[in-house]
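Asker: Would you mind keeping the following structure in view while I ask a few things?
The values are calculated or read from the model by the stated rules, or taken from the named source; none is laboratory data. Just so it is clear, the structure is predicted and the values come from calculations on it, not from any experiment. Cβ placement follows ideal geometry from the backbone for every residue including glycine, while neighbour counts extend to all protein chains displayed. The area values use the complete protein model at the heavy-atom level, side chains included, leaving out ligands, DNA and RNA. Shrake-Rupley method; radii C 1.70, N 1.55, O 1.52, S 1.80 Å.
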Amino acid sequence: MKKIAISQREVPYKYGYNIDALEQSYFKYYQKFGIILIPLSNVSDNLFSNLLELNLDGIILSGGENLNPRLYRKPLLKEKAYSDNRDATEKILMDFAIDNALPMLCQCRGAQFLNVYFGGQLIQEIRNSKNELSHVGRTHKVEITEAKSISYLGKSTTIVNSYHSQGFSEKELSKKLKVFAKAPDGIIEGVYHPSFPVAGILWHPERESPEPEINEKILDAFLNRKHFWA
């Protein structure tokens, strides 16, 4: 069994305090691959040192609420909810993964955090940009854009689910990351760091997928330190 730590949402609760939350679909999906998920609180003290005690095989940054745009020098949007606790927690997790050469898979919000962590920015609302393709609650085509990823994944295009209202294109992309997948409208769907074992996808493997074999190949690489995680 592989021990994988995973980040969580921070959700306001009706009795006036916040709770950490992770959809059950993560547990149902990842256990099929021999993964024990260890959810991490957004308010843990000494998180960095505590992670050392867990003897982890990897870390997943999960999906969820938007990043605080102050992290990438943009104004707050009043209609959006942000979690500074989660942003701070995921920075610690990213620091830990890099410092310890630990594989990290960043999905949806996690991929956006990866881009911002390395100095990139985000489109705060894709539907308000010039992009014609909706990325919320639908499936769409993704083009695999580099030869080595086409070779590993076995195809040059795929269909993925999509649940993100924010994202980034080449304009917002961190100069330290490489792109391996794009949507037809130019929104980047897959990135990785060329020197650290960290990669991100903008879709959700744990939710219903039209071509699940792509997710399985990505997870195999993540769990066995291949391809982006070699």
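Asker: Quick one: grab the alpha carbon gyration tensor of the stretch 153-230, order the square roots of its eigenvalues as a ≥ b ≥ c, and give me rounded if a/c is under 1.5, else prolate or oblate depending on whether a/b is larger than b/c.
Answerer: It is oblate, given that a/c is not under 1.5 and a/b is not larger than b/c.
Asker: Pick out, in residue order, every one of the GluC sites (Glu not before Pro) in the stretch 1-103 that is DSSP loop and has at most 13 other C-beta atoms within 10 Å; say none if there are none.
Answerer: GLU79
Asker: Here's another thing I want to ask about it. On a full-extension model of 0.36 nm per residue, what is the gain between LEU77 and ILE38, subtracting their alpha-carbon distance, rounded to one decimal in nm?
Answerer: The LEU77-ILE38 span can extend by a further 10.8 nm.
Asker: Here is a follow-up. Expressed as a whole percent, how much of the Cα-Cα distance distribution for the chain exceeds 22 Å?
Answerer: The calculated P(r) of the chain puts 49 percent of pairs beyond 22 Å.
Asker: Using the heavy atoms of the protein chains alone and a 1.4 angstrom probe, what is the accessible area of the chain per residue in square angstrom?
Answerer: Per-residue accessible area for the chain comes out at 47 Å².
Asker: Something else now. Suppose each label sits 7 Å from its Cα in the direction of the beta carbon; what would the GLU146-ASP220 distance come out to in nanometres?
Answerer: In this crude spin-label approximation the distance works out to 2.0 nm.
Asker: Check each of the GluC sites (Glu not before Pro) in the stretch 197-230 and keep only those in coil by DSSP with at most 16 other C-beta atoms within 10 angstrom; list them in order.
Answerer: Here the GluC sites (Glu not before Pro) that fit, given the DSSP loop and packing criteria, are GLU208.
Asker: Turning to a different aspect of this structure: Starting from the 7 Å offset along Cα-to-Cβ, what nm value, one decimal, do you get for the label separation of ASP95 and LYS176?
Answerer: 1.3 nm
Asker: Sticking with this structure for a sec: Tally the DSSP beta bridges in the chain and give the antiparallel ones as a percent, rounded to 5.
Answerer: Percentage antiparallel, nearest 5: 55.
Asker: Over the stretch 1-56, what portion of Cα pair distances is larger than 18 Å, expressed as a whole percent?
Answerer: Cα-Cα pairs in the stretch 1-56 separated by more than 18 Å: 43 percent.
Asker: Provide the three semi-axes, in whole Å and in decreasing order, of the ellipsoid equivalent to the stretch 50-121 as defined by the square roots of 5 times the Cα gyration tensor eigenvalues.
Answerer: Value: 24, 12, 10 Å, ordered largest first.
Asker: For the chain, which longest stretch is free of loop sites, where a loop site is one of the chymotrypsin sites (Phe, Trp or Tyr not before Pro) that DSSP puts outside H, G, I, E and B and that has at most 10 other Cβ atoms within 10 Å?
Answerer: Result for the longest clean stretch: 18-230.
Asker: Moving on. Taking Cα pairs under 8 Å and at least six residues apart, what relative contact order does the stretch 58-201 come out at, in percent?
Answerer: Normalised by residue count, the contact order of the stretch 58-201 is 26 percent.
Asker: Under a cut-off of 16 Å between alpha-carbon atoms, report the aspartates and glutamates in cross-link reach of LYS2, not counting same-chain residues fewer than 8 places apart.
Answerer: Reachable aspartates and glutamates: GLU53, ASP57, GLU216, ASP220.
Asker: While we're looking at this one, here's another question. On the protein heavy atoms, probe 1.4 angstrom, tell me the percent of accessible surface of the chain carried by carbon and sulfur.
Answerer: Its accessible area is 49 percent carbon and sulfur atoms.
Asker: What are the principal axis extents of the Cα atoms in the stretch 94-230, in Å, biggest first?
Answerer: Cα spread of the stretch 94-230 along its principal axes, largest to smallest: 39, 31, 26 Å.
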